[in-house]
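All of the numbers you see were taken from the coordinates with simple rules; none came from a lab. Please read all numbers here as calculations on a predicted model, not as lab measurements. All Cβ positions, glycine included, derive from the backbone under ideal geometry; neighbour counts span all protein chains shown.
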Amino acid sequence: MARVELKGVVKRFGKVVAVNHVSLDIGDKEFFSLLGPSGCGKTTVLRIIAGLEFPDEGNVLIDGKVVTHLPPKDRDVAMVFQNYALYPHMSVFDNIAFPLNVRRRELKLTKEDIRKRVIEVAKLLNIEELLKRYPSQLSGGEQQRVALARALVRRPKVWLLDEPLSNLDAKLRVAMRSELKKLQKTLGITTVYVTHDQVEAMGMADRIAVMNKGRVLQVGTPDELYYKPSDTFVATFIGSPPMNIVPCTLEEQSISYTYKVPVEHSGGIIGEGTVTSRFKLKCADVVEIPLAPRYAELLSKSGRDFLLGIRPEYIELTKTKPELEIGVVKSKVEVTEPLGSEIITTVQLGSELIKVKTHPDVKISPGDEVYLKLDLRRALVFDKKTGKLVV
Ligand SMILES: Nc1ncnc2c1ncn2[C@@H]1O[C@H](COP(=O)(O)OP(=O)(O)OP(=O)(O)O)[C@@H](O)[C@H]1O
Ligand SMILES: [Mg+2]
């Protein structure tokens, strides 16, 4: 069992508030990721969990026990650092055995026990053949595995990994991602994984905490973060290319009008079936989206100015005019970026430039006149002032 909790943790370095009232509840056996841009406080949070740094305020609990001021050796956690370093003068075997050798007496281990444990963990990480070599004789990926093995050999309750794949080339990183994920599930070890790479966090973690400027903005499963981001920062930090964010205003008509919601849009902010409303959202001065009364009511409480969020894969690009009226707008292609499996196309939406994902079979070139069909079931509305999700 290893549940890790942070309660109102604050850490200052002089005037810098590196960690600002962070509370987290990481479950036993969970693969939990801390995700955010450089300098947002990820490493500091990890070091606080490890006991390498003590918070100015708040508490850290492991399995319900307060460990806030305990030294690392009394916490049963193992950390793999951002710039992990192997001991160059020691063989791979001795590097992995090191954490056990230094505490041999305390752990009551014989030399044979240690040998067994090193071989066991080397097998897990597929580096059994490398045990006699020295770090300088290993590739980057192999060195990474040795560092991971060294952190696992003590069988810690909690595994803390700080951007462990950042030194690897793109291909190896992708391969190691799925291996690490599998290993974590096999061992059932509570893991906190720090990264600034949203693809890594989304692909590996059970849950993710998105951080910015020392604060946690949202904690959720990859799906929750993707489909219900709590604000525009999370919305644009996750997904590639990021969510399109377009300014819009709430417009009230003097009389109500009735519109029929096409099946394609049913259930979104425009409602379903036959809807009567007085409100519209006007986006980038060109798209008019009628609003179902319940959403109109909700939005009108927050003012007039909003941001419409729509992901690039929820905008369809066609050369012929779609039959739909709602959510369709004429546009011009600015740039195309063919990526093989898809094309990222930059198009005009009124005064804004937005990105659309298109299938490689759709042949389009810069300058082409096209139609955009926004899937309004997937559209989100954020408050312009606070950036917070409204609907
Ligand atoms: N020992 C220290 N002394 C002073 N400032 C520090 C110290 N450690 C971290 N900081 C500052 O605290 C903030 C958070 O740093 P931290 O290393 O936790 O960020 P990070 O999210 O891990 O960034 P990166 O992705 O670049 O590794 C930064 O502004 C950093 O400059
Ligand atoms: Mg860091």
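Taking a cut-off of 17 Å between Cα atoms, list the aspartates and glutamates near residue 15, but don't count ones fewer than 8 places away on the same chain.
Straight-distance partners of residue 15: 53, 56, 57.
Mind pulling the angle between the C-alpha long axis of helix 92-101 and the longest principal axis of the chain? Nearest 10 degrees, somewhere in 0 to 90.
80 degrees
By DSSP, what percent of the beta bridges with both residues in the chain are antiparallel, rounded to the nearest 5?
80 percent
How large is ³J(HN,Hα), in whole Hz, for each residue of segment 307-317 in order, when computed from phi with the Karplus curve 6.51 cos²θ - 1.76 cosθ + 1.60 and θ = phi - 60°, using x for Gly and Pro?
Computed from phi, the couplings for segment 307-317 are 10, 8, x, 9, 6, x, 7, 9, 10, 9, 10 Hz.
How many angstrom lie between the Cα centre of segment 313-343 and the Cα centre of segment 136-161?
46 Å
What angle, in degrees between 0 and 90 and rounded to the nearest 10, separates the Cα long axis of helix 140-152 from the longest principal axis of the Cα atoms of the chain?
That helix lies at roughly 70 degrees to the long axis.
Taking K and R as +1 and D and E as -1, what net charge do the other residues with C-beta under 13 Å from the C-beta of residue 99 add up to?
Local net charge: +4.
Which order do the peptides 100-112, 361-373, 268-280 take when ranked by the mean count of other beta-carbon atoms within 10 Å per residue, highest first?
Going by the mean number of other Cβ atoms within 10 Å, highest first, we get 268-280, 361-373, 100-112.
Can you give me the long-range amide H partners of residue 215? Hydrogens built in the peptide plane at 1.01 Å from N, cutoff under 5 Å, separation of 5 or more residues or another chain.
Distant-sequence amide H within range of residue 215: 20.
Go ahead and estimate [θ] at 222 nm for the chain from helices alone: -39,500 (n - 2.57) per DSSP H run with n ≥ 4, summed, over the residue count, rounded to 500.
-7000 deg cm²/dmol
Give me the distance between the Cα centres of segment 1-70 and segment 257-308, rounded to whole Å.
42 Å
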